[in-house]
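The values are calculated or read from the model by the stated rules, or taken from the named source; none is laboratory data. Quick caveat: nothing in here was measured; it's all calculated off a predicted structure. Neighbour counts are summed over all protein chains in view; Cβ atoms, including those assigned to glycine, are modelled from backbone coordinates with ideal geometry. Ligands, DNA and RNA are excluded from the accessible area calculation, which covers all protein heavy atoms including side chains. Shrake-Rupley method; radii C 1.70, N 1.55, O 1.52, S 1.80 Å.
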Amino acid sequence: GSLERNPTLALFGVVALMLFFHLEALEVSIMEARNFITAREMIDNNQWLLTTMNGEPRYQKPPLPTWIVAFFGLLFGIKNIVALRFPSVFMVFILGVFVRLLTKKITYDSEVSLLAGLVAVTSFYVFAIPIEAPWDIYTHAFALGGIYYLFKLFDEEDFYWRNSLLAGLLIGCSILSKGPIGLYALFLPFLIAYFVVYKPKNLAAKILPLTGFTILSLLVGGWWYVYVRYVDPASFNHIINKETGNWGSYNVKPFYYYWSFVIQSGLWTIPALLSLLYPLLKNKIKHSTAYRFSFFWIVFALILLSLIPEKKSRYLMPVLIPLAINISLYIQYLFVSFKNLKLVERLPIYLHFSVLTILALALPILLVRYADARIESPWFVLLSVVALTTAILFIWYLMKHNSKAATYVSMAFLVALLFLAPPLIKNARSNPDFNPLTELHQKIHDIPIFTYDYIAPELIWDYGAKIPLLSNRTDQKLPDSFYLFIQKGLRDDIQEELNQYTFDAKGIYNLNVKKNKTRLISHLFFVHKT
């Protein structure tokens, strides 16, 4: 239909409605705060290579995403949350485009390739990751772009150098976004699956372009690491040793921790699970070779991720990329065969849409109960009407055995939910003690400010400037008067340490949106010599 004639526009429209309109609605997350602080310090210190956070070296993450954020900060203001969030959210669209292009390349099918792009951008962890972990969306979107051009290099008999250089540039950008993560979790399993299923053609003729691809990837991705290692070796080595140590000792989970990965796809959980029934589906799905490829890609990615002791749910995000291709191939099979399937094969799909129908009907109640949504808000009224209409359409289309229409309704429902719900959540701040630091920076003028112990990155970001750690001061002579943040009230050990000073309480700063949370609380004291 018209969607397939304008696939890029369709993807852009979906991502824009889902994510672009309420970029300021959510509070800044801990990972975002780290990225934004580093971007702010790049601008303030005019130091774009030796990255810092709160004045301390921050080499844990390479700088490409932070440079992009800093560029938007320079253009639109470093306090402009909408501008700072825009590039990472835009990368969701780029990821969707490359999922569609890659699927088109392996199937030559416009319908299933657009479907794959839409499934990818509407998978929960894909659209949630820019807020939770801003670097991840960059590294995986760039890696997927590199994969697409490498596939073209393997598969086609022309434009060798163009494809190899574009692949090298994009893989290099992936490395410069989050180190080797994109390579390990997305690129390597792709490569294994490709060699198992497709076996590259005429590889001997492509040795030089492949060498060019490898060199360019390493140059683009690696120069910053070499530079920092040369200029600031002590900090670099300390950070690298700590980070690599974490892989085996931090957040250690059992091997099978990732086996529930289909849940990360959110809306697509049940179709995702069904799409993995490889023995049952391999001869039924229209594009059987593409299906084998996406299935093996998922399996190899899962195995490689499971081998690393450190496990976090967000590390699964790259698995959602081949999973989106897998789901779209299965859904296309349903579009054609649903009416003729045996009841036992239709039942899980009925279950899928029944769950969505119940969710749609329950949504207004859930918003009032858990998000303190105001019933009189026009956003709430509109969302309730959309939810009720969606539930009716699900029932209607399932009675007609029209899984295609029901699938597109489910996507439209998710898009509407993400477009209409944020203004309701934004107005639902339920913590009466909420007290931001935004005005504080102006109030204290030229008096130095420190933190005694750890202070959450969100608080530093909200304050608008560095809050150095007292113990990290190089000049140990303290000023006669200064402000001091203390995390858990006034403690005896601080007064003992600074016994010649008087502590005057100046207020409690609290960025917790919900009551009874304690992480984002800091007590401010004016400390002066008696």
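A simple rule links phi to the HN-Hα coupling: the Karplus curve 6.51 cos²θ - 1.76 cosθ + 1.60 with θ = phi - 60°, which for the range 497-508 gives 5, 10, 6, 8, 10, 9, 10, 10, 5, 10, x, 10 Hz, with x for Gly and Pro. Ligands, DNA and RNA left out, the 1.4 Å accessible surface of the chain is 65% carbon and sulfur atoms.
Listed peptides 386-396, 335-345 appear in the order 386-396, 335-345 once ranked by packing, highest mean of other Cβ atoms within 10 Å at the front.
Taking amide H atoms as placed 1.01 Å from N in the peptide plane, the amide H of residue 464 has no partner under 5 Å among residues 5 or more positions away or on other chains. Judged by the ratio a/c of the largest to the smallest principal axis of the C-alpha gyration tensor, the range 138-296 counts as oblate, that ratio being 1.5 or greater while a/b is no larger than b/c.
Tally Lys and Arg at +1 and Asp and Glu at -1 over the other residues with C-beta under 12 Å from the C-beta of residue 483: what net charge comes out? List each step's numbers first, then the result.
On the way: positive: 443, 506; negative: 446, 504.
Combined, the nearby Lys, Arg, Asp and Glu give 0.
Extension gain, residue 374 to residue 76: 0.36 nm times the residue separation minus the Cα-Cα distance gives 104.0 nm. How many percent of the alpha carbon pairs in the chain exceed a separation of 32 Å? When all Cα pairs of the chain are counted, 50 percent exceed 32 Å.
Under a 1.4 Å probe, what is the accessible area of the range 1-122 per residue, stated in Å²? Please list the in-between numbers first.
Numbers: 4450 Å² over 122 residues.
I get 36 Å² per residue for this part.
Put simply, the amide H of residue 506, placed in the peptide plane, has neighbours under 5 Å in 524, 525, 526, leaving out anything fewer than 5 places away on its chain. Computed from Cα atoms, the angle from the helix 233-249 axis to the main principal axis of the chain rounds to 50 degrees.
Its DSSP H runs of at least 4 residues, each contributing -39,500 (n - 2.57), put the calculated 222 nm mean residue ellipticity of the chain at -19500 deg cm²/dmol, to the nearest 500.
Per residue, the accessible area of the range 223-295 comes to 59 Å² when a 1.4 Å probe rolls over the protein heavy atoms.
Pairing the Cα long axis of helix 207-231 with the longest principal axis of the chain, what angle in degrees results, from 0 to 90 and rounded to the nearest 10? Taking Cα atoms only, the helix is inclined about 10 degrees. Distances between placed amide hydrogens fall under 5 Å for residue 58 paired with 51, 52, 53, all partners being 5 or more residues away or on another chain.
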